[in-house]
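> Sending over a structure as structure tokens; questions will come in a sec.
We did not get these values from a lab; they are worked out from the coordinates using the rules stated. These numbers come from a predicted model, not from an experiment. Cβ placement follows ideal geometry from the backbone for every residue including glycine, while neighbour counts extend to all protein chains displayed.
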Amino acid sequence: MDLIFMMKERLGLFAFLFAFLLLNALLLVAIWKVKVQLPKPLLLLLTMCCTLFIFATIGFIVSTLSFGYNS
């Protein structure tokens with residue numbers, strides 16, 4: 001199947017996952033911009049959470065495009 005057709009077919013879930021990915025990426029950049037003001041354990045925890053969410057979202061996007069809704 002054509003990749004563009006699959007993206008159009010699953011646009012709702014794909015748009016939500018892509019927005020969540022961008023939100024986590026922006027949060028990660030914002031955390032590292034103000035890292036002087038944050039305690040080191042909090043900085044480490046937030047960085048690990050954002051990184052985990054980014055990789056999980058990329059995995060969900062790939063699985064959505066690959067497998068979809070079994071339609």
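> Quick one: net charge of L65's neighbours, Cβ under 12 Å, K/R +1, D/E -1?
Summing Lys and Arg as +1 and Asp and Glu as -1 gives 0.
> Each residue of segment 52-62 in turn: what ³J(HN,Hα) in whole Hz from Karplus with 6.51, -1.76, 1.60 and θ = phi - 60°, glycine and Pro shown as x?
4, 5, 5, 5, 5, 5, 4, x, 5, 5, 5
> Could you calculate the contour length gain from T51 to L23, that is, 0.36 nm times the residue separation minus the distance between their Cα atoms, to one decimal place in nm?
8.9 nm
> OK, next. Using the alpha carbon gyration tensor of the chain, what are the three equivalent-ellipsoid semi-axes (square root of 5 times each eigenvalue), largest first, in whole Å?
32, 11, 7
> Please give the calculated 222 nm ellipticity per residue for the chain, where each DSSP H segment of at least 4 residues contributes -39500 (n - 2.57) and the sum is spread over every residue; nearest 500 deg cm²/dmol?
About -27500 deg cm²/dmol.
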